[in-house]
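One structure is given here, and the rest of the page talks about it.
The values are calculated or read from the model by the stated rules, or taken from the named source; none is laboratory data. The structure presented is a predicted model; accordingly, all values stated were derived computationally and were not measured. Quick reminder, even Gly has a Cβ in these numbers, built from the backbone with ideal geometry, and neighbours come from all protein chains shown. Quick note on the areas: whole protein, heavy atoms, side chains included, nothing else; ligands and nucleic acids left out. Shrake-Rupley method; radii C 1.70, N 1.55, O 1.52, S 1.80 Å.
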Amino acid sequence: GENVEQHPSTLSVQEGDSAVIKCTYSDSASNYFPWYKQELGKRPQLIIDIRSNVGEKKDQRIAVTLNKTAKHFSLHITETQPEDSAVYFCAAGSDAGNMLTFGGGTRLMVKP
Amino acid sequence: KAGVTQTPRYLIKTRGQQVTLSCSPISGHRSVSWYQQTPGQGLQFLFEYFSETQRNKGNFPGRFSGRQFSNSRSEMNVSTLELGDSALYLCASSFSDRQYFGPGTRLTVL
């Protein structure tokens, strides 16, 4: 089955700096890669996603890049703010249905 | 549209008991997926239902089961509860491939 690895497990940045979280996947059949943000005690919230026919996608301060050949994808957050502090999860899915394999999560701390 | 709702939000059970959790998807969404979230194992896929049929199943024992009704509402059942079943159980509803999570049910097994 699919295996998704996520790094780093914790990331501390200064407000205004950029943050990058990286994920690798193993199954070449995976073609859908969402990112979720989970604040303490809250549900995971979909923040951005990318499909395998696209190499990069941007939404305001958030961008995701995908390298299908290397089987890795990354989340980039620019101009970080304290409210960006949360746990971020990457995931991989395929056309087989709505079955996501999640990475282990990254705890992002943005220091004011 | 109203978001995904789950009931109950909190449950305390003892070992050996069974439990049923409920999920109401976003209106118009026909797919409901269930996940278990624990500090040690992270987010793990349990199963997915689409139009009342189980379409995918994760690597969980047969004690974990589910079903979906004609209105797309879904339930999951865990029988013969074990201490290790303590977790946050999340459901997610989908129209295409984007999944939107409910608030979860926090299950504590004593």
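Annotations
- Computed over chain A, the percent of Cα pairs more than 23 Å apart is 23.
- Comparing Cα centroids, region B:67-104 and region A:7-38 end up 25 angstrom apart.
- Local electrostatic count at B:Leu46 - Lys and Arg +1, Asp and Glu -1, tallied over other residues with Cβ under 13 Å: +1
- Fully extending the segment from A:Asn53 to A:His7 would add 14.2 nm, taking 0.36 nm per residue of separation and subtracting the current Cα-Cα distance.
- Annotation: A:Ser28 carries an accessible surface of approximately 100 Å², with a 1.4 Å probe and no ligand, DNA or RNA atoms counted.
- Estimated from the Cβ-Cβ distance and a Förster radius of 25 angstrom, the FRET efficiency linking B:Gln18 and B:Gln54 is about 0.85.
- On the beta carbon distance between A:Asp27 and B:Thr38, with R0 = 22 Å, the FRET formula returns roughly 0.45.
- Whole-Hz ³J(HN,Hα) from phi, Karplus 6.51 cos²θ - 1.76 cosθ + 1.60, for region B:53-65, glycine and proline x: 10, 6, 9, 9, 9, x, 8, 10, x, x, 5, 9, 9
- Peptide-level mean, for B:53-64, of C-beta atoms on other protein chains within 10 Å: 1
- Between A:Lys42 and A:Gln81, the contour length at 0.36 nm per residue exceeds the Cα-Cα span by 12.2 nm.
- For A:Ser26, distant residues with modelled amide H under 5 Å away: A:Asn3
- Summing +1 for each Lys or Arg and -1 for each Asp or Glu among the other residues whose beta-carbon sits under 11 angstrom from that of A:Ser30 gives 0.
- Accessible area of the protein assembly as shown belonging to carbon and sulfur atoms, whole % at 1.4 Å probe: 48 percent
- Charge context of B:Leu110, other residues only, Cβ under 10 angstrom, K/R +1, D/E -1: +2
- Electrostatic dipole magnitude of region A:38-112 [Cβ: Lys, Arg +1; Asp, Glu -1; Cα centre; debye, to 20]: 140 debye
- Shown are B:Val19, A:Val20, whose ranking by accessible area with a 1.4 Å probe and every protein chain present, most to least, is A:Val20, B:Val19.
- Across chain A, Cα pairs under 8 Å and at least six residues apart give a relative contact order of 37 percent.
- Net dipole in debye of region B:13-78 [+1 Lys, Arg Cβ; -1 Asp, Glu Cβ; about Cα centre; nearest 20]: 160 debye
- Cβ charges +1 (Lys, Arg) and -1 (Asp, Glu), total dipole of the protein assembly as shown, debye: 460 debye
- Order of exposure, largest accessible area first, which applies to B:Lys13, B:Lys57 with probe 1.4 Å: B:Lys57, B:Lys13
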